[in-house]
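Just so it is clear, none of the values below were taken in a lab; they were calculated from the coordinates. Keep in mind the model is a prediction, meaning the values are calculated, not measured. All Cβ positions, even for glycine, are placed from backbone atoms using ideal geometry, and neighbour counts span all protein chains on display.
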Amino acid sequence: MSKKHMKLTAALAGFSLAFCVSTTVSAMHIMEGYLPPQYCIAWGVLCLPFLVTGFLSIRKKLEENRRNITLLAMAGAFIFVISSLKIPSVTGSCSHMTGTGLGAILFGPSAVSILGIIVLIFQAILLAHGGLTTLGANTFSMAIAGPLLSYGVYRLCKKLSVNRWVSVFLAAFIGDLFTYCVTSVQLALAYPSEAGGVWASVGKFLGVFAPTQLPLAVLEGILTVLIMMALEAYAKPELKMIGFHREVK
């Protein structure tokens, strides 16, 4: 391992130690047993084609160059670390960052579906964060819907010649917020309001998470920009290997 790689690894390890201190278990991932069985099954089935595509995408990346696994592992670790950091929301639930924007920018949204479900399984088993019965719903919101929009925003900004760092920030920021919009819809479909139906319930859930999630989305955008800057400084050859030769000079 080169000195640059050692410095990057040390920086990421320090980041993990600084931010991965969390004792609350009632996090924003939809918790175990909260969704009715039919919704758990439906969201799980909906995730399957995305997961198959993600597996094929990762396999192709590794076939092209086995060293791509370094950045894949880093993107997965980033998701695990910052999505494990939770802060209380106004109703006693919690909000957290997602970290999936970085992986979507580097590898595309398909690969992030696999990274995301791996993270969600580990968090459900080891941290009581989320649940196995709600794995499909959590995977769709955090590892599929959010990354898809993050990638779309990044590509659109690139076509419009938006500043690269602004593009990275917007991709991570909007992808984070969209994850919570999808989660609110998932919760509202399972528990519609008696007075106003599903959309009234969506508004209620969005209102619950907005006070804490908006600043967290800003923070995630900033952190994603900083990580990308670090990668360009210490892992430029690896970025070029995964197709960033046009972005990285």
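Label Ala128 and Leu160 with points 7 Å out from Cα along Cα→Cβ: what is the distance between them in nm?
4.4
Rounded, prolate or oblate: which one fits region 166-214, using the alpha carbon gyration tensor with axes a ≥ b ≥ c (rounded when a/c is under 1.5, else prolate when a/b beats b/c, else oblate)? Could you put the intermediate results ahead of the total?
On the way: a/c = 3.82, a/b = 2.58, b/c = 1.48.
Prolate, since a/c reaches 1.5 and a/b exceeds b/c.
Once fully extended, how much extra length lies between Ile118 and Leu219, figured as 0.36 nm per residue of separation less the alpha-carbon to alpha-carbon distance? Present the calculation step by step, with values, prior to reporting the outcome.
Numbers: separation 101, 0.36 × 101 = 36.36 nm, distance 2.36 nm.
Gain on stretching Ile118 to Leu219: 34.0 nm.
So for region 136-181, Kirkwood radius off the Cα pairs, Stokes-Einstein at 25 °C and 0.890 mPa s: how many µm² s⁻¹? Working shown, then result.
On the way: Rh = 10.5 Å.
Estimated diffusion coefficient is 234 µm²/s.
Provide the gained length on full extension for the span Gln38 to Lys60, in nm with one decimal, where the gain is 0.36 nm per separating residue minus the Cα-Cα distance.
Details: separation 22, 0.36 × 22 = 7.92 nm, distance 3.41 nm.
Answer, rounded to one decimal: 4.5 nm.
In whole angstrom, and with the biggest value first, how far do the Cα coordinates of region 84-168 range along each principal axis?
Largest first, region 84-168 extends 42, 29, 17 Å along its Cα principal axes.
List the residues whose amide H sits under 5 Å from the amide H of His129, counting only those 5 or more places along or on another chain, with H placed 1.01 Å from N in the peptide plane.
Here Ala124 satisfy the definition.
Please compute the length gained on full extension between Ala230 and Ile69, using 0.36 nm multiplied by the number of residues separating them and subtracting their Cα-Cα distance.
Details: separation 161, 0.36 × 161 = 57.96 nm, distance 1.76 nm.
Extra length available between Ala230 and Ile69 comes to 56.2 nm.
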